[in-house]
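Heads up, the thing below is written out as structure tokens.
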Amino acid sequence: MKYTVITGASSGIGYETALAFAARGKNLIIVARRLDKLEELKSKVKEINSDLDVVVVTSDLSVTDQAYNLYKDLKRYQIETWINNAGLGEGAFVADQKLEKVENMLRVNIESLTILSTLYVRDYADVEGAQLINVSSALGYAIAVGSVTYSATKYYVSAFTEGLAKELELKGAKLKAKILAPAITESEFAQKSIDAEAFDFKANMPKYHTSKQMAGFMMDLYDSHEVVGIVDQNYTFNLRGQIYPLISEF
């Protein structure tokens, strides 16, 4: 039995992506901190297809050891797709940002993503059909003043994953590494980034996508042979090859 792993599945893009994969008949391993939200998602998946196996796993990826423990706990499953969707934001000027929040963001966006990607690649590089999809951001390709540190973490995700995709290609690996790069998306992410209790997208954002729309783009990327699925400045979704210049050696 094969599974799709989705981290950060308790809300937003991760939640809707789980429903989209369920509609494809995929068994799921859904990962997040909030057990109640994961159980709610499991119930919705069962409404779509009661025959699917849905494994609920709680993990706090701001604690680096939990990334290692998560992967170790999932070794017994055959994982055809691993989606690193969990991410944190910080919407403040550098001088004003909360360093404890930044530390957590660095651990989730960079450390845990790198650990989980590396462990998955080691085990599945030669497995036909295997995919690793890391969720970056349009701000992983453009600097956003007021969210510089967040942008920098997503630059890392994009550069790391694009480079990994090329390494896998050069080795003739069967595993494909891909990047989803959303722009502003209607989810809990924005309000958490600015420490707000709520955020009115219609009142504050001239353009944005819903999490369900982004999950649809995720499936387009999943079905494609391209490395990057990115939302441009016009909020058009584009599938394309690698964006960063590649240098084989210095």
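Condition first: of a type in the set (A, V, I, L, M, F, W, C), farther than 22 Å from Y235 by Cα and open to solvent by less than 20 Å² (accessible area, probe 1.4 Å). Can you find one or more residues in segment 135-149 that meet it? For segment 135-149, residues of a type in the set (A, V, I, L, M, F, W, C), farther than 22 Å from Y235 by Cα and open to solvent by less than 20 Å² (accessible area, probe 1.4 Å): absent. Apart from one condition, D123 fits all of (1) surrounded by fewer than 19 Cβ atoms within 10 Å (Cβ to Cβ); (2) under 24 Å from K166 (Cα atoms); (3) touching a helix residue (DSSP H, G or I) at 6+ places or on another chain (Cβ under 7 Å); the exception is (3). Counting only strands (runs of 3 or more DSSP E) that fall entirely inside segment 1-120 and contain at least 1 residues that are basic (K, R) and at negative phi, the qualifying elements are 2-7.
Close Cβ contacts (under 6 Å, 6 or more residues apart or on different chains) running from residues in segment 59-86 that are within 25 Å of G129 (Cβ to Cβ) and open to solvent by 20 Å² or more (accessible area, probe 1.4 Å) to residues that are in a strand (DSSP E or B) and at pLDDT 95 or above comprise Y77/Y3; Q78/K2; E80/K2; N85/I6; N85/T7; N85/V135; A86/T7. Residues in segment 16-39 that are farther than 18 Å from T210 by Cβ and of a type outside the set (A, V, I, L, M): 8 in all. Could you tell me whether I110 is at pLDDT below 95 and open to solvent by 30 Å² or more (accessible area, probe 1.4 Å)? No; evaluated as a whole, the condition is false for this residue. Selection of segment 164-193 for residues being open to solvent by 60 Å² or more (accessible area, probe 1.4 Å) and either modelled with pLDDT under 70 or over 23 Å from I243 (Cβ atoms) (or both) yields K174, E186, F189, K192. Under the condition of being surrounded by 15 or more Cβ atoms within 10 Å (Cβ to Cβ) and within 15 Å of A18 (Cβ to Cβ), the residues counted in segment 28-47 number 10. Taken together, the residues in segment 138-179 that are part of a helix (DSSP H, G or I), among the aromatic types (F, W, Y) and touching a residue at least 40 places away in the same chain (Cβ under 8 Å) amount to 3.
How about segment 46-58: which of its residues are over 22 Å from A130 (Cα atoms) and either of a type in the set (D, E, K, R) or touching a Phe, Trp or Tyr at 6+ places or on another chain (Cβ under 9 Å) (or both)? K46, E47, D51 - these are the residues of segment 46-58 that are over 22 Å from A130 (Cα atoms) and either of a type in the set (D, E, K, R) or touching a Phe, Trp or Tyr at 6+ places or on another chain (Cβ under 9 Å) (or both).
The values are calculated or read from the model by the stated rules, or taken from the named source; none is laboratory data. Nothing here was measured: the structure is a model prediction, and the numbers come from that model. Virtual Cβ from ideal backbone geometry, glycine too; neighbours counted across all protein chains shown. What goes into the accessible areas is simple: the full protein's heavy atoms, side chains included, and nothing from ligands, DNA or RNA. Shrake-Rupley method; radii C 1.70, N 1.55, O 1.52, S 1.80 Å.
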